[in-house]
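Student: One structure coming up, written as structure tokens, with questions to follow.
The values are calculated or read from the model by the stated rules, or taken from the named source; none is laboratory data. None of these values were measured; they are calculated from a predicted model. Virtual Cβ from ideal backbone geometry, glycine too; neighbours counted across all protein chains shown. Accessible surface areas use protein heavy atoms only, side chains included; no ligands, DNA or RNA. Shrake-Rupley method; radii C 1.70, N 1.55, O 1.52, S 1.80 Å.
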Amino acid sequence: MLPPLKPLPMKDRVSMIFVQYGQIDVLDGAFVLIDKTGVRKHIPVGSIACIMLEPGTRVSHAAVNLAATVGTLLVWVGESGVRLYASGQPGGARSDRLLYQAKLALDDDLRLKVVRKMYELRFGEPAPSRRSVEQLRGIEGARVRGTYKLLAKQYGVDWRSRNYDRQQWDAADIPNRCLSAATACLYGITEAAVLAAGYAPAVGFIHTGKPLSFVYDIADLFKFETVVPLAFRIAAKSPAHPEREVRLGCRDLFRSSKLLGKIIPTIEEVLAAGEISPPPPPPESVPPAIPNPDGIGDAGHRNQG
């Protein structure tokens, strides 16, 4: 008999891994990658937030089912992880939290409160008074462009603008390639956290009309203190394989900064700025796929089994 599944909380997980050229399957109860020679490599799926599937990867139905059960996000991406084709659903969506998020986004006054809180967290100062969401978006864009210039100057990078063509990726300059690879990594783990917390990636407040609008909103709160400086630092070295260098750097940065432990509390803080209470979950709510075992005493005792 196989041991019970014990996925880790999101804050304690490895941020992400990239998989290329192989088939992912479940064999003998284990989540494994099988290469063309038949060699198996075990992947501890319950301890990873996000698995990026690059070209050349095939995934079995059993593997997708197991990833969803343990709350691990599967993301189908292009080469070097810079294009998003599709993503899975780890099963964390909750109707009470989706309704709460939607109510905040649909009410103009509540939405403005949330956007002002995002501005405050991002720039470390209160948002200008008597400004609409559209005006704050414009102010934010100007400050972001200025921050790119300052960081490029700090790291000695020749910077023109944030501009590239997805259809001609290799034609982009190294700084833009590094930035795109870095933000793709950040978006991946942010989406995993948004879904794990039970919210909808598409229901944004600053960004709207895109499948990952809320992911962009939340990722932007961390972008300039994490992945953007890293991308410029790597770009300054003009590496032969910038995307790989950035991915490795992001993996280490996410671990050292404990970023996964910060994203969900930040989501709750941002939404709380709307000053309304989340609705209680309905009594017929679907329980967790893997509920915590009942204890036999206080927190210092071992669980049964």
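Student: Which numbered condition trips up Ile276, out of (1) assigned to a loop (DSSP other than H, G, I, E, B); (2) under 21 Å from Val77 (Cα atoms); (3) over 12 Å from the mean Cα position of the chain (by Cα)?
Tutor: (2)
Student: Restricting attention to the stretch 261-278, does a residue exist that is among the polar types (S, T, N, Q), open to solvent by 50 Å² or more (accessible area, probe 1.4 Å) and at pLDDT below 90?
Tutor: yes
Student: Also, quick follow-up: Select the strands (runs of 3 or more DSSP E) contained entirely in the stretch 19-87, then report the ones holding at least 2 residues which are under 20 Å from the mean Cα position of the chain (by Cα). Walk me through it before giving the result.
Tutor: Details: elements: 22-27, 30-34, 40-42, 48-53, 57-59, 73-77, 84-87.
Of the strands (runs of 3 or more DSSP E) lying wholly inside the stretch 19-87, those with at least 2 residues that are under 20 Å from the mean Cα position of the chain (by Cα) span 48-53, 73-77, 84-87.
Student: Now, a different point. Mind listing whichever residues of the stretch 152-165 are touching a helix residue (DSSP H, G or I) at 6+ places or on another chain (Cβ under 9 Å), in a helix (DSSP H, G or I) and open to solvent by 80 Å² or more (accessible area, probe 1.4 Å)?
Tutor: The one that is touching a helix residue (DSSP H, G or I) at 6+ places or on another chain (Cβ under 9 Å), in a helix (DSSP H, G or I) and open to solvent by 80 Å² or more (accessible area, probe 1.4 Å): Gln154.
Student: When you go through (1) modelled with pLDDT under 95; (2) open to solvent by less than 40 Å² (accessible area, probe 1.4 Å) one by one for Leu104, which number turns out not to apply?
Tutor: Status for Leu104: all satisfied but (1).
Student: If you check Ala236, Ala197, Ala182, which single one turns out to be among the small types (Gly, Ala, Ser), surrounded by fewer than 19 Cβ atoms within 10 Å (Cβ to Cβ) and in contact with a helix residue (DSSP H, G or I) (Cβ under 6 Å, 6 or more places away or on another chain)?
Tutor: Going through Ala236, Ala197, Ala182 in turn, the sole match is Ala236.
Student: Now for a separate question. Do we find a residue being modelled with pLDDT of 90 or more, within 17 Å of Ile189 (Cα to Cα), out of contact with any Asp or Glu (no Cβ under 7 Å at 6 or more places or on another chain) and hydrophobic (A, V, I, L, M, F, W, C) anywhere in the stretch 20-27?
Tutor: No - not one qualifying residue is present in the stretch 20-27.
Student: Just to be sure I understand the filter: pairs with C-beta atoms under 7 Å, separated by 6 or more residues or on different chains, first member in the stretch 207-220 and surrounded by fewer than 18 Cβ atoms within 10 Å (Cβ to Cβ), second member modelled with pLDDT under 95 and aromatic (Phe, Trp, Tyr). Which pairs pass?
Tutor: none
Student: Does Pro287 qualify as being open to solvent by 90 Å² or more (accessible area, probe 1.4 Å), modelled with pLDDT under 90, in a loop (DSSP other than H, G, I, E, B) and touching an Asp or Glu at 6+ places or on another chain (Cβ under 7 Å)? Spell out the reasoning first.
Tutor: Numbers: open to solvent by 90 Å² or more (accessible area, probe 1.4 Å): yes; modelled with pLDDT under 90: yes; in a loop (DSSP other than H, G, I, E, B): yes; touching an Asp or Glu at 6+ places or on another chain (Cβ under 7 Å): no.
Against the criterion (open to solvent by 90 Å² or more (accessible area, probe 1.4 Å), modelled with pLDDT under 90, in a loop (DSSP other than H, G, I, E, B) and touching an Asp or Glu at 6+ places or on another chain (Cβ under 7 Å)), Pro287 does not qualify.
Student: Of everything in the stretch 22-42 that's touching a Leu at 6+ places or on another chain (Cβ under 9 Å) and of a type outside the set (A, V, I, L, M, F, W, C), which residue is least open to solvent (accessible area, probe 1.4 Å)?
Tutor: For the stretch 22-42, the residue satisfying everything is Gly22.
Student: To continue, here is another question. Pull up the stretch 109-151, narrow it to residues that are of a type in the set (D, E, K, R) and in contact (Cβ under 8 Å) with a residue 24 or more places away in the chain, then point me to the one that is least open to solvent (accessible area, probe 1.4 Å). Full working, then the answer.
Tutor: Start the filter on the stretch 109-151 by keeping residues that are of a type in the set (D, E, K, R), which leaves 109, 111, 113, 116-117, 120, 122, 125, 130-131, 134, 137, 140, 143, 145, 149.
Right, trim to in contact (Cβ under 8 Å) with a residue 24 or more places away in the chain and you get 111, 113, 116-117, 122, 137, 140.
Working: Arg111: 38, Lys113: 80, Arg116: 74, Lys117: 43, Arg122: 44, Arg137: 84, Glu140: 23 Å².
Among residues in the stretch 109-151 that are of a type in the set (D, E, K, R) and in contact (Cβ under 8 Å) with a residue 24 or more places away in the chain, the one least open to solvent (accessible area, probe 1.4 Å) is Glu140.
Results for (1) touching a Leu at 6+ places or on another chain (Cβ under 8 Å); (2) at pLDDT 90 or above; (3) over 19 Å from Pro239 (Cβ atoms), shown as yes or no for each residue.
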{"position": "Gly146", "(1), (2), (3)": "no, yes, yes"}
{"position": "Gly156", "(1), (2), (3)": "no, yes, no"}
{"position": "Asn163", "(1), (2), (3)": "no, no, yes"}
{"position": "Gln168", "(1), (2), (3)": "no, no, yes"}
{"position": "Ile174", "(1), (2), (3)": "no, yes, no"}
{"position": "Thr183", "(1), (2), (3)": "no, yes, no"}
{"position": "Gly198", "(1), (2), (3)": "yes, no, yes"}
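Student: Being touching a residue at least 12 places away in the same chain (Cβ under 8 Å) and in contact with a Lys or Arg (Cβ under 9 Å, 6 or more places away or on another chain) is the filter here, so list the residues in the stretch 28-49 that pass it.
Tutor: Residues satisfying the conditions are Ala30, Leu33, Ile34, Asp35, Gly46, Ser47, Ile48, Ala49.
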